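Undergrad: Supplied in structure tokens, the structure appears directly below.
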Amino acid sequence: MRGKDVRLDKVSIRFGEATAVHPTDLSIHAGEFFSILGPSGCGKTTILRTISGFIHPTEGRVLIGGEDMAGKEPNERPTALIFQNLALFPLMSVAENVAFGLEARGIGKAERLKRAQELLELVALGGFGDKKPADLSGGQRQRVAIARALAVEPSVLLLDEPLSALDLKLRQHMRTELRAIQRRVGITFIYITHDQGEALAMSDRVAVMSRGRLEQVAEADMLYADPATPFVATFVGEQNVLRGRVATLAGGEAGVDTPVGRLQGRTSGTLSVGDEALVMVRPERIALAGTGENSFPARLVSRSLEGPSVNLDCAAADQQFMVTLPNGPAIRELPEELSLSFGRQDALVFPVGALANG
Ligand code: ATP
């Protein structure tokens, strides 16, 4: 199987008066694991259904492998779709389920079952062909659905929150499985989710969406380390957010006067001295030491154990701060009065207005 690239060229989608997706350009590379991440109602499913051909764009074009998909029905496209409530046929064996789509293509029974067996091996269910779906676990059924979707040899597999019906442990296991299957088959996977952990764990690149717009398209680790907008900064991972006023600007850095004093951070935004601004710093970038720049006294209010890490809930100048530290013996000995600090490269400064789009 060969992956194809998918391109949205100025695609917008309206339902009557309501705009579900504002004009959007997006290039998904052949053979990559690409996720679209965003809160409920932001337009993810609408984009996926537009790629698969169940919805037609109001404006713009969808191209797959360079070919314009205008006028092509879902079954004429090199795509297959898997969604949350996958429906396996309960009376058919697992192998018959996988082979189902091949019959319509005029492939003989022996060849169909041979192909089903190969696909079941691909999803690590080689010995399960004779079982019925009811005999399998949720995760195994999910893998059968993937094998069935792959049977028609799509170039692009579209996955709409396929793990959301599974329990947490299984979901985490299936992330690794899905990633491994994608690597093995080498086709393009486009995965829709509202779960940032899922998107970051599996994807080569992620698009973050909010209110019908793409906020940022980047490699998973870059989204976390270098969010382009306040929405991405707060949707992907935890942030401490402080409001203040810009006092200095120089060399891509801003000094912001906040309730805990002047804080320095990186900025790429369009800020001027005197503007209201947001300073954001991740809980794990805050240290419990330091007296110089970006340090201030705080009070330890409570702590909660997360296994390998500990979250400290701290208060400074009526502001709440979350601090995440590796778990260890020293955590039990912490005094109530602390000093918090962080490096200027670990803080991001955004204009306040920019959050309005979130
Ligand atoms: P969820 O995770 O809840 O499925 P989503 O990000 O996938 O959310 P969409 O289902 O794409 O969001 O919906 C985007 C917007 O378009 C929503 O406001 C939704 O109400 C609207 N919408 C989607 N489909 C239709 C439709 N067929 N008719 C009218 N409005 C629609």
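Undergrad: Restricting the first residue to segment 134-152 and requiring it to be free of Cβ contacts under 8 Å to residues at least 40 places away in the same chain, which pairs with a second residue that is part of a loop (DSSP other than H, G, I, E, B) and crowded, with 16+ Cβ neighbours inside 10 Å meet a Cβ separation below 7 Å and a spacing of at least six or different chains?
TA: That search, which allows pairs on different chains as well, returns 138/166; 139/166; 140/125; 143/123; 143/125.
Undergrad: Select from segment 122-150 the residues that are modelled with pLDDT of 90 or more, surrounded by 15 or more Cβ atoms within 10 Å (Cβ to Cβ) and charged (D, E, K, R) and list them in ascending order.
TA: Those that are modelled with pLDDT of 90 or more, surrounded by 15 or more Cβ atoms within 10 Å (Cβ to Cβ) and charged (D, E, K, R): 131, 132, 148.
Yes/no matrix, rows are residues, columns are (1) surrounded by fewer than 17 Cβ atoms within 10 Å (Cβ to Cβ); (2) touching a residue at least 40 places away in the same chain (Cβ under 8 Å); (3) away from the ligand (no atom under 13 Å from the Cβ):
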site	(1), (2), (3)
55	no, yes, no
62	no, yes, yes
72	yes, no, yes
80	no, yes, yes
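Undergrad: Identify all residues within segment 273-294 that are surrounded by 18 or more Cβ atoms within 10 Å (Cβ to Cβ) and in a strand (DSSP E or B); write none if there are none.
TA: Scanning segment 273-294 gives 277, 278, 279, 280, 281.
Undergrad: Residues to consider are 175, 211; find the one that is free of Cβ contacts under 8 Å to residues at least 40 places away in the same chain and among the charged types (D, E, K, R).
TA: On the way: 211 fails: free of Cβ contacts under 8 Å to residues at least 40 places away in the same chain.
Matching residue, one of 175, 211: 175.
Undergrad: Follow-up. Could you pull out every one of the helices (runs of 4 or more DSSP H) wholly within segment 167-237 that has 1 or more residues that are basic (Lys, Arg)? Walk me through it before giving the result.
TA: Working: elements: 168-185, 196-202, 220-225, 230-235.
Per the criteria, 168-185.
Undergrad: Would you tally the residues in segment 1-29 being within 16 Å of the ligand (Cβ to nearest atom), in contact (Cβ under 8 Å) with a residue 24 or more places away in the chain and among the aliphatic types (A, V, I, L, M)? Quick ask: steps written out before the conclusion?
TA: As a first pass, look at segment 1-29 and keep what is within 16 Å of the ligand (Cβ to nearest atom): 8, 11-24, 26.
Within this subset, residues satisfying the condition of being in contact (Cβ under 8 Å) with a residue 24 or more places away in the chain are 8, 11-14, 19-24, 26.
Those left that are additionally among the aliphatic types (A, V, I, L, M): 8, 11, 13, 20-21, 26.
Of the residues in segment 1-29, 6 are within 16 Å of the ligand (Cβ to nearest atom), in contact (Cβ under 8 Å) with a residue 24 or more places away in the chain and among the aliphatic types (A, V, I, L, M).
Undergrad: Additional query: Considering (1) over 22 Å from residue 37 (Cβ atoms); (2) buried (at least 24 other Cβ atoms within 10 Å of the Cβ), say which one residue 153 fails and leave the rest.
TA: Only one criterion is unmet by residue 153, namely (2).
Undergrad: Same structure, new question: Considering only segment 269-284, state which residues are touching a Phe, Trp or Tyr at 6+ places or on another chain (Cβ under 9 Å) and not charged (D, E, K, R). Please lay out each step first, then the result.
TA: Our first condition is that a residue be touching a Phe, Trp or Tyr at 6+ places or on another chain (Cβ under 9 Å); within segment 269-284, this holds for 269, 271, 277-283.
Hits for segment 269-284 are 269, 271, 277, 278, 279, 280, 281, 283.
The values are calculated or read from the model by the stated rules, or taken from the named source; none is laboratory data. Bear in mind the structure is a predicted one, so any value in this text is a computation, not a measurement. Please note: Cβ atoms are built from the backbone with ideal geometry, for glycine as well, and neighbour counts cover all protein chains shown.
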